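Visitor: Please see the structure below; I have some questions.
The values are calculated or read from the model by the stated rules, or taken from the named source; none is laboratory data. As the structure is a prediction and not an experimental result, all values here were calculated from the model. Neighbour counts run over all protein chains shown; Cβ positions are idealised from the backbone, glycine included.
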Amino acid sequence: MLENSIILITGGTGSFGHKFVAMTLARYNPKKIIIFSRDEMKQWTMAQRYQNDSRVQFLIGDVRDPERLKRALDGVDYVVHAAATKIVPTAEYNPMECIKTNINGAMHLIDACIDHGITKVVALSTDKASNPINLYGATKLASDKLFIAANSYNNQHKTMFAVVRYGNVMGSRGSVIPFFQSLKDTGELPITDPRMTRFMITLEQGVELVWHAFEDTNGGEIYVKRIPSIGIGDIARAVAPEASHKIIGIRPGEKIHEQMIGPEDAPFTYAYDGHYKILPAIHGWASSAERIGDGKLVASDFVYSSDVNNEWMSVEELRGWIEQNATAIGRI
């Protein structure tokens, strides 16, 4: 699908963007991938990697600016929406800025994509959008709803919008694994709550889920990858087996367990090999045979939460992954 196409990725200099560009160039050989973001230094750094690849183009811009989006989308076939204000404390202390990017930015992108007849758009979401307790999660829930409802609007070349949702990305910049690694020589690691569990997904799996959404979507679906869980104490033991643990208490806006599908979504959720799909509740789309495909409706009380997961990652498995990816952890 993506072969010989023009793809634009908003917020493309982040961890996901780096991996998406590298993997998509290698697998699909698109005509062009446009990195659309507002940080010129991150663009300059990333551009060094692709200075001899004419398929990669960089555009300075912000999803808050609808006019710039309209110009950037000229000639584009597919869009990946990765731009977001996503650090939980930052969003809590700067709520209007978070809303401008995560909600207003989503509206601007939707309008521009419809007006330009973009073929398909896949927006990245987060576990925090399921039963949100912080502003970041609330804005991403609103964003998800906007992208789903955007499929109600038909243009001459109908634009399809879908969402992918996943949790903690293993080893990404600012995540818990590089944080623990930075402290392991002190002999003590801070643990918020020993009961805490998290989903674990690699960047490669995140990219593959976006590819699948592009191939599969009929508009309005939320794709959720089936991934293992692990306890926060086991993450610490995988990073620093000899370190002691200091319990520091849960932080504002943080959950004990991650949830990606709540019981309210169960009537619209179907299970597939490797992933779940939440179908849109509006317009009767949840009963669409095209959207359901070979999926199996989950139980009426189904919840996909990191504490009741059927698949768990062991300390040894995580330690092996860390050893194999040591040079990349925390870099992007």
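Conditions (1) within 25 Å of TRP211 (Cα to Cα); (2) buried (at least 16 other Cβ atoms within 10 Å of the Cβ); (3) touching a residue at least 40 places away in the same chain (Cβ under 8 Å), marked per residue:
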{"position": "TRP44", "(1), (2), (3)": "no, no, no"}
{"position": "SER54", "(1), (2), (3)": "yes, no, no"}
{"position": "ARG64", "(1), (2), (3)": "no, no, yes"}
{"position": "GLU67", "(1), (2), (3)": "no, no, no"}
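Visitor: Same structure again: Restricting to the stretch 211-228, name every residue that is crowded, with 22+ Cβ neighbours inside 10 Å and closer than 15 Å to GLY167 by Cβ.
Guide: Hits for the stretch 211-228 are ILE222, TYR223, VAL224, ILE227.
Visitor: Those residues that are touching a helix residue (DSSP H, G or I) at 6+ places or on another chain (Cβ under 7 Å), within 23 Å of ARG165 (Cα to Cα) and outside any helix (DSSP H, G or I), I need them from the stretch 13-33; list them, please.
Guide: Across the stretch 13-33, the qualifying residues are THR13, ILE33.
Here's the yes/no breakdown for (1) modelled with pLDDT of 95 or more; (2) within 16 Å of VAL207 (Cβ to Cβ); (3) not polar (S, T, N, Q):
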| site | (1), (2), (3) |
| --- | --- |
| TYR136 | yes, no, yes |
| LYS140 | yes, no, yes |
| SER143 | yes, no, no |
| ALA149 | yes, no, yes |
| ASN154 | no, no, no |
| HIS157 | no, no, yes |
| MET160 | yes, no, yes |
| VAL169 | no, yes, yes |
| ARG173 | no, no, yes |
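Visitor: Follow-up question, since we're still on this one. Can you report the number of residues in the stretch 255-269 which are more than 20 Å from the chain's Cα centre (by Cα) and of a type outside the set (A, V, I, L, M, F, W, C)?
Guide: 3
Visitor: Something else about it: Considering only residues that are within 22 Å of GLY117 (Cβ to Cβ) and hydrophobic (A, V, I, L, M, F, W, C), which ones fall in the stretch 132-175?
Guide: LEU146, PHE147, ILE148, ALA149, ALA150, MET160, PHE161, ALA162, VAL163
Visitor: May I pose another question? Of all residues in the stretch 110-145, how many are without any contact (Cβ under 8 Å) to a residue 60 or more places away in the chain, surrounded by 20 or more Cβ atoms within 10 Å (Cβ to Cβ) and not in a helix (DSSP H, G or I)?
Guide: Looking only at that region, the number is 4.
Visitor: Then there is this: Pick from the stretch 310-332 the residues that are part of a loop (DSSP other than H, G, I, E, B) and modelled with pLDDT of 95 or more: which of them is farthest from the chain's Cα centre (by Cα)?
Guide: SER314
Visitor: Same structure again: Given the conditions (1) modelled with pLDDT of 95 or more; (2) in contact with a Phe, Trp or Tyr (Cβ under 9 Å, 6 or more places away or on another chain); (3) of a type in the set (A, V, I, L, M); (4) exposed (fewer than 14 other Cβ atoms within 10 Å of the Cβ), report the number of the one that ILE87 does not fulfil.
Guide: The failed condition is (1).
Visitor: What number of residues within the stretch 46-67 are farther than 22 Å from PRO30 by Cβ, of a type outside the set (Asp, Glu) and over 22 Å from the mean Cα position of the chain (by Cα)?
Guide: So the count comes out to 1.
Visitor: Just to be sure I understand, how many residues within the stretch 311-332 are crowded, with 18+ Cβ neighbours inside 10 Å and more than 25 Å from HIS18 (Cα to Cα)?
Guide: Qualifying residue count for the region: 1.
Visitor: Can you tell me how many residues within the stretch 238-279 are among the β-branched types (Val, Ile, Thr), over 30 Å from ALA162 (Cβ atoms) and surrounded by 15 or more Cβ atoms within 10 Å (Cβ to Cβ)?
Guide: Residues in the stretch 238-279 being among the β-branched types (Val, Ile, Thr), over 30 Å from ALA162 (Cβ atoms) and surrounded by 15 or more Cβ atoms within 10 Å (Cβ to Cβ): 1 in total.
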